[in-house]
Amino acid sequence: MRQDFVLLFIIAPLFLAVGTALLGRTVKQLGFMLSCACGLILCFCSFMVFGLLQKTPAHIFIYKVGGHLPPFGIALVFDGLSSFMLILVNFISLLVALYSFRYMDRYTDKWKFYCLFMFMLAGMNGLIISGDLFTLYVFLEVASVAGYALVAFGTEAEDLEAAFKYAVMGVVASIFILLGIALLYSYTSTLNMADMAFVLATKPQGALVAFVSVLFLAGFGLKSAMVPFHAWLPDAHPSAPAPISALLSGVFIKTLGVYALARVFFNVLGVSQKALFIMMFLGTVSMVVGAVLAISQRDIKRMLAYSSISQVGYIIFALGLGTPLGILGALFHLFNHAISKTMLFLNSGAIEYSTDTRNMEKLGGLNSRLPVTGSTSFIGGLSISGVPPLGGFWSKLIIILAAVQAGHFIFALIAVLVSIVTLGYYLKFQRFVFLGKLNLGLSKIRGIPLSMTIPVVILAAISIVSVLLLMPFAGHFLDSACNALIAGNLYKDSFWSAIIW
Amino acid sequence: MNWTSFFHIDSLNGFVAIAVLGFSLIVILYSVRFMKGKPNLFRYYLWTVLAAIGSVGVCFANNLIVLLGLWGFLGLALYILINTGGEGANEVAKKTFVIVGGTDALMLLGIAIIYFLSGTSTMTAINLQMNSGLTITAYLCVAVACFAKAGLMPFHSWIPECAQKAPLPVVAFLPASLDKLLGIYLLARLSLNLFVMNEAMNILLMVMGAFTIIVAVMMALAQHDMKKLLGFHAVSQVGYMVLGIGTGNPIGIAGGIFHMLNHAIYKSCLFFTSGNVEHRLKTTELDELGGLAKLMPITYICTIIASLSISGIPPFNGFVSKWMIYQGIVTDLRVHSMALKVTSVICLFAAMFGSSLTLASFMKLIHATYLGQEAKSNAGVRTREVSWQMWLPCVILAVLCAVLGVFAIQLPLKYFILPAIGCPAVFIGTWQAVLATGLVVIALILGLLAMRLSLIKPKVRQGATFIGGEELDLVTYRMTGTEFYKTITDLSALKRFYKAIEGGALDIYEQGKDLVFFLAKPLHKLHNGVLSSYLVWCLLGIMAMLLWGIVK
């Protein structure tokens, strides 16, 4: 079958990871080459999937693993949303792999890094395409465990502490999710998501479903770092090596948290007003808490980590609006934030690489020495703060428009005020690190190699032109992703019709 | 989808766009010499041109989203242009962008509400009645962005600092002219076309305008830096424009809009002249200047004309627009509403008083800079007049001050401003500008003749100064223009006022910063780094969700 290539999403990173584990110690640079190759292949596959989806009716196709029919066999589901996420995840992973080539020189045992990196990639890809809840859980665990190990990669005391906290809280999240899945399985006797939605539609929605909703909200909330489940993130993200921080903040929490949450709530459980309100409320709280805490940080990466909490708050808030416009805003913001935050974390790594510090107060005037880092950080920061003409502005605009259209004026006002604070801390970052006089305390400033600047330049270019995604000629990319969520319960119908087709 | 839904031209925005382009050309002409040899030149010219294009876009925009995008882009341009000033300017640039960009975010909310209420984002199709809290919120949200761009209190605090630290052409270009033009243009558009104003809103605008006039001019009186003094005047004059628009009658609104143009003319002229002084003497501290009138005559004359204009002395343009604003306020006195009457009286008083204080502070500036004795620092230095690229813009603007003043009714009002208002403005009383100007000129000539012909002989007795038998060193013991005005800041009644303002009581940026850090304090305490407490939060979170699920 010509669709067999989709198995590569899982097989390629898994096999290459194992290959790296076996040979990485002896063959130098094997890990780097394999992960770049893996990134390239998967990027190509993601676009293939996107192209294939445009040709299929209803923009969905199912790959039956081993040819067994769902709900008995494992199904891999490709619809607008998963293709959107696949492109984002694999594209950013490719850039991150490229970046890590020189950055990882500061660590020993680089091959372990690449090995874990590919496991993480396998986990994220598997989670995105899995069509049943238990497979989703398994890949979520694969990605998480790789994440715990990568956070501890520096093996300094604080790295280990951060990884420990992250692991404990991550396991708590997994248990919540697993418990939720178990309860649902006992209730519906199926694990396939479409089938489960089908069964749930026929059965009364009692207290059990509500309880499971809470479990999922808490579990995926922990993974996506919603307040009050966020406390691991400000420790974990700064401790990881910069490429991993970029991947964690850029796509990891969005895949494991936001994507899984959206998929389960919109397509399987069906959105209830209560769940939506909780998402909206927690999203708003996250926005405020993240932004307020970010402004007083001195460590660049810590500031960026709090900023991630705040921005994921925007995404969850917009999802919680539940309207088509809100979902569009959420997904577009997810895209823009992934691009900008990856760029900023990669730049924070470049700053650390070049000056050996991440403390903003010890830096200053770097624009004269690292102009590319300076200007791309500027673009990234402004995009997240929502300054036109950068991408973040348009997604923020859509989110606020959607919130007002839905009649949530107070939430809209809070979102607007938070964006002012966001602008404040990104300008502070710019002012302390890149502008002003070159800090004399910086003994040596190393130049940044090309392999570390090219990825951020590509990302900066994307965040400048990302408004084009809203234009009619590029509509499919975002629209079909949104439609997958807007369809809600109709997911099961399109699933079954795709099986037959 | 055709272009008229995105762009629209009428006499109001056509006139603003012409002004924008004119100022851009003049500023670029001025920059050729002033910015020579300064760093970041490419960035400076690139963003100057981009800002000009963006401003024209803002003028013609007929779609709220297009307007918002371009408007925010101008804030970005402002930030980058201020940053070309180097180290000292970075902090100011940040503050400016937080205030300007932050209010842009509020504007976004306002536009979202307007879209929600009217169902369209085409500006010509919107006409909202101010009858609900939501409409008022929408109006205020967008108005705040206009206030911040134009510099109305309490959103003004970036302008004086920016005037002091940013490169001078940037100040003359954006805060002094373009941002004022656009801010007031949008406020006028908002109040005239998009919303139907009610009395409460008018009173609010008038009060904010009057408050700004007085407080900012008081601050200007106490300044010792020429550019910062001008910066405070740039704030104070915004008060007149907003006051004019707040009157809600045609003559007042026309006056406000006319004042916006006039302000841009004389204020950029004043900034240019201070730039000339800075260019030659490398300082704008009033204490270190003095006696420049003989050395830089063209700059001196231009400063005088622009100062008279900003203080509202006939026959210059500042007088005409202020006079129209006063008429607008007086017209409001005929309205039956008591609240409006009382406000009008207070505002009229504030506006006139503010005008006289403006004159007072410009006397300080002119005396300290151009008259009096030469300061130690420049005594002996042969200072020349600046080159033509730098004095020509000043002269053009000074001539415009006079021309627009004398032929106010014949030229700008007739062709641009009154058509834009849409209804005829009624002048109270008579003001024959040409006749009055003729009389003023004749009076001046007669006075000069009298002096020359020695018809009046001033009785002056010159005696030696005795200071303990020592020779008086005029350079050390010179009279500076600033000494006299120190008495104002030392007045016990005003001391506290000045202290509070210097401390940032009216600075929305400082207040906002304090608020955010206040909020952050308990949150920092909560994040104690202990894993078990983090787990407790998770548990509490999940319990709260369960409880809420059951109760609701």
Total charge of the residues flanking residue B:387 in space, meaning their Cβ is under 12 Å from its Cβ, with Lys and Arg +1 and Asp and Glu -1, is +3
Exposed loop sites here are trypsin sites (Lys or Arg not before Pro) in DSSP loop states with at most 11 other C-beta atoms within 10 Å. What is the longest stretch of chain A lacking them? A:29-436
So for region B:1-196, if I pair up every lysine 8 or more residues apart or on another chain, how many of those pairs have alpha-carbons under 16 Å apart? 6
Tell me, what ³J(HN,Hα) does each residue in region B:14-22 have, in order and in whole Hz, if you take phi through Karplus 6.51 cos²θ - 1.76 cosθ + 1.60 with θ = phi - 60° and put x for Gly and Pro? x, 5, 5, 5, 4, 4, 4, 5, x
Find how many whole Å separate the alpha carbon centroid of region B:23-92 from the alpha carbon centroid of region B:238-293. 19
Its Cα gyration tensor gives region A:274-470 an equivalent ellipsoid whose semi-axes in whole Å, largest first, are 32, 17, 12
Of A:278, A:385, A:297, which is farthest towards the positive pole of region A:274-470's charge dipole, taken about the Cα centre with +1 and -1 on the beta-carbons of Lys, Arg and Asp, Glu respectively? A:297
With n ≥ 4 as the cut-off for DSSP H runs, can you work out [θ] at 222 nm for chain A, using -39500 (n - 2.57) per run divided by the number of residues, rounded to the nearest 500? -23000 deg cm²/dmol
Crossing angle, helix B:133-150 versus chain B [Cα axis fit, 0-90 degrees, rounded to tens]: 40
Expressed as a whole number of Å, what is the distance separating the alpha-carbon centroids of region A:305-380 and region A:429-491? 7
May I ask for the angle, rounded to the nearest 10°, between helix B:492-502 and the longest principal axis of chain B, with both axes built from Cα atoms and the value confined to 0 to 90°? 60
Is it possible to state the helix-based mean residue ellipticity at 222 nm for chain B, with each DSSP H run of 4+ residues giving -39500 (n - 2.57), the sum divided by total residues, to the nearest 500 deg cm²/dmol? What is it? -23500 deg cm²/dmol
Compute the signed sum of charges (Lys and Arg +1, Asp and Glu -1) over the other residues within less than 13 Å, Cβ to Cβ, of residue B:159. +4
Please work out the C-alpha center-to-center distance from region A:233-260 to region A:144-203 and express it in whole Å. 15
Considering only DSSP states other than H, G, I, E and B, which trypsin sites (Lys or Arg not before Pro) in region B:24-83 qualify as loop sites with at most 11 other Cβ atoms within 10 Å? B:36
Qualifying trypsin sites (Lys or Arg not before Pro) for region B:301-399 [loop in DSSP, other Cβ within 10 Å: at most 16]: B:334, B:376, B:382, B:384
Local net charge near residue B:221, Cβ-Cβ under 11 Å (Lys/Arg +1, Asp/Glu -1): +2
Less than 27 Å apart at the alpha-carbon level, and either on another chain or at least 8 residues along: which lysines does that give for residue A:112? A:28, A:165, A:223, A:254, A:301, A:341
Considering amide H positions built from the backbone, and no H for Pro or chain starts, which residues 5 or more places from residue A:271, or on another chain, come under 5 Å of its amide H? none
Expressed as an acute angle from 0 to 90° and rounded to the nearest 10, what is the orientation of the C-alpha long axis of helix B:41-60 relative to the principal long axis of chain B? 70
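Each value in this text was obtained by applying a stated rule to the coordinates, not by laboratory testing. Predicted model only: the values in this text are computed from it and were never measured. Backbone-built Cβ (ideal geometry, glycine too); neighbour counts: all protein chains shown.
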